[in-house]
Amino acid sequence: MIDALGAERLTVYPQSGYHTETVAQDTKVSQSRMRVVALADVFEDRLESCRKQMGKLGFDLGPEVCFSGFDAYKQLLSMTDVNYVILATPPHFRPLHLQAAINAGKHVFMEKPVAVDVPGVRMVMEAGKLARQKGVGIAAGTQRRHDRGYRETIERIHGGAIGELVYGKCYWNGGQIWVVNRKQEWSDMEWQLRNWNYFTWLSGDHIVEQHVHNLDIMNWVIGSHPLRVVSGLGGRQVRTDPRYGHIYDHFAVEYEYPGGVSVFSQCRQINRCKNMVSEEIVGTGGMSNCKDYIQPKSGEAWSRRQKEPSAYKREHEDLINSIRQGNPINEAQTIAEATMTGIIGREAVYSGQGIDWDEAMKSETKLGPEQYKLGDHPVPPVPMPGTYRFV
């Protein structure tokens, strides 16, 4: 929300406790035609924290426009003053909230990923189609698509700068992310919601939640989603304590794209290892990092060295400008496909099997509880290849 308003923020990624984004000291709103009119969150303490941050930017939000609970989104969407909503809950809820927002005729910025299972992916795709019919915009938190370096580089690649594409590589190999330790008074559901990164039903596992950025670049530069996962390996080797839920800490996946293009993908969340967050595409006539550099096999290399404005702000600016120009952008299909790319990678690794895209898209398996309420919700066992099955 701070980025949407054009203000500056301070971001803190602790090893324990909440990842926080707070309003920077002495910053001001640069998007003067925008105002915050309502907030919603499951938990009142998180809602109050956001309300205080908005107060620093001059938005005085009373209790009548601050809603809590699992149905808080419905109360917010019923407000006529709201025409632009930001969906930043755990990814499990994204399809439901997107569908409700589009039905209510609201423009939407939604964080990535946009689902954790196949039925959720299909729901997002359908909401995207409805948004076009209703003339409302959808942008996603895949900020690389709004980075001018990526845009120009990939445009050159599509223009033939490195010839026919042969293979790609992408990585999000980094350290452990923040974890929220359980308090005695918290139920299963409350702790999982607050510590949502570590449960597949809430985050999709980190190959979906975090690596989706890099997978989206591969889809974008190749111009298609993958046809299948050829093979995948991964596991839970270091983060084995129950406070880390039941997700894996590393994945390695080989995807096959149309035209025989292969993509090799890695993601890892383990401390004190080599960090690598990047993409690379190789063609018959050269290679590129997809971001700001092209090295042809013959001739001079091309690079883009201009200082770029924040892509985190650009993604909001591009959506807002498109709305005001009467031609709202719609990124529902591309982010749904990027999310699905992560999901089939996860399922291939969990199961130890190859996964075909078209067959996977038929899955009816929904992750998560049938009803949303605080209380018991046991943690599923860690998926074991050779035993786990994707259905």
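The values are calculated or read from the model by the stated rules, or taken from the named source; none is laboratory data. In this text, all values refer to a predicted model and were calculated from it rather than measured experimentally. Quick reminder, even Gly has a Cβ in these numbers, built from the backbone with ideal geometry, and neighbours come from all protein chains shown. Keep in mind that these areas ignore ligands, DNA and RNA; they rest on the heavy atoms of the full protein, side chains included. Shrake-Rupley method; radii C 1.70, N 1.55, O 1.52, S 1.80 Å.
Just checking the listed ones, Ile162, Ile335, Ile217: in the Gaussian network model of the chain with Cα springs under 10 Å, the one fluctuating most is Ile162.
With both labels modelled 7 Å from their Cα along Cα-to-Cβ, the His158 to Met361 distance reads 2.0 nm. Solvent-accessible area of Ser322, all protein chains in place: 10 Å² (probe radius 1.4 Å, heavy atoms, ligands and nucleic acids excluded). Accessible area ranking (1.4 Å probe, heavy atoms, ligands and nucleic acids excluded), largest first, for Met287, Met384: Met384, Met287.
Distance between the 7 Å Cα→Cβ label points at Gln306 and Asn321: 1.1 nm.
In the full protein context, the range 16-136 carries 49 Å² of accessible surface per residue, based on a 1.4 Å probe and ignoring ligands, DNA and RNA.
Hey, if we sort Glu315, Glu359 by accessible area with the 1.4 Å probe, largest down, what's the order?
Most to least solvent-accessible, the answer reads Glu359, Glu315.
Here the label points at Ser187 and Gln31, each 7 Å from Cα along the C-beta direction, are separated by 3.5 nm in the simple model. Rounded to 0.05, the FRET efficiency of the Ser262 and Val379 pair, given R0 = 25 Å and the Cβ-Cβ distance, is 0.10. Using a probe of 1.4 Å, the accessible surface attributed to Trp220 totals some 50 Å² when neighbouring protein chains are kept in position.
For Met79 and Arg243, the FRET efficiency from 1/(1 + (r/R0)^6), where r spans their Cβ atoms and R0 equals 35 Å, is about 0.40.
Which residue fluctuates the most in the chain, going by a Gaussian network model with Cα springs under 10 Å, if the choices are Val118, Val379, Val208? Of the options given, Val379 has the highest mean-square fluctuation.
Accessible area per residue was computed with a 1.4 Å probe on protein heavy atoms; Glu347 scores about 10 Å². Solvent-accessible area of the chain (1.4 angstrom probe, protein heavy atoms only): carbon and sulfur portion equals 48 percent. Computing Cα extents along the principal axes in Å directly from the structure and comparing it against [x] 63, 51, 43; [y] 57, 55, 41; [z] 74, 46, 38 singles out [x]. Between Ala115, Ala100, Ala140, the GNM of the chain built on Cα springs shorter than 10 angstrom shows Ala100 fluctuating the most.
Rounded to 0.05, the FRET efficiency of the Arg148 and Thr11 pair, given R0 = 22 Å and the Cβ-Cβ distance, is 0.50.
The candidates Tyr18, Tyr372, Tyr248, arranged from most to least accessible area with a 1.4 Å probe in the full protein assembly, appear as Tyr372, Tyr18, Tyr248. Probing with 1.4 Å while keeping every protein chain in the model, the per residue accessible area of the range 303-391 equals 55 Å².
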